[in-house]
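Derivation of every value follows stated rules applied to the coordinates shown; laboratory data play no part. If you're wondering where the values come from, they're calculated on a predicted model, not measured in any experiment. A quick note on method: Cβ atoms are made from the backbone with ideal geometry, for glycine too, and the neighbour counts reach across all protein chains shown.
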Amino acid sequence: MAMVNQIEYLVESIKSKVKSLKKSSKKPYVKMDKSSSIKVEIRSRRARKLIAKTLEVADRPGKRSISS
């Protein structure tokens with residue numbers, strides 16, 4: 001009997017901990033704006049990709065168009 005009571009107590013304590021975790025995880029999410037340096041980095045990555053793609057197409061004389 002004592003073992004059953006211990007298991008029930010353990011299950012109830014786990015349930016209460018899970019409930020408290022669910023409640024505490026609903027904090028409002030604050031989205032941060034991108035800084036200007038991050039925006040520049042994103043633009044430069046896109047530019048490097050476009051340049052690489054253009055050079056790759058230029059190396060193949062049979063196909064003349066750049067597909068997006």
Worksheet item: Can you pull the Rg over Rh of the range 2-58, Cα-only, Kirkwood?
Response: 1.58
Worksheet item: Hey, rough spin-label estimate for Ser16 and Ala2, points 7 angstrom out along Cα→Cβ, what's it come to in nanometres?
Response: 2.2 nm
Worksheet item: So how much slack lies between Ser37 and Lys53, counting 0.36 nm per residue of separation and subtracting their Cα-Cα distance, in nm?
Response: 3.3 nm
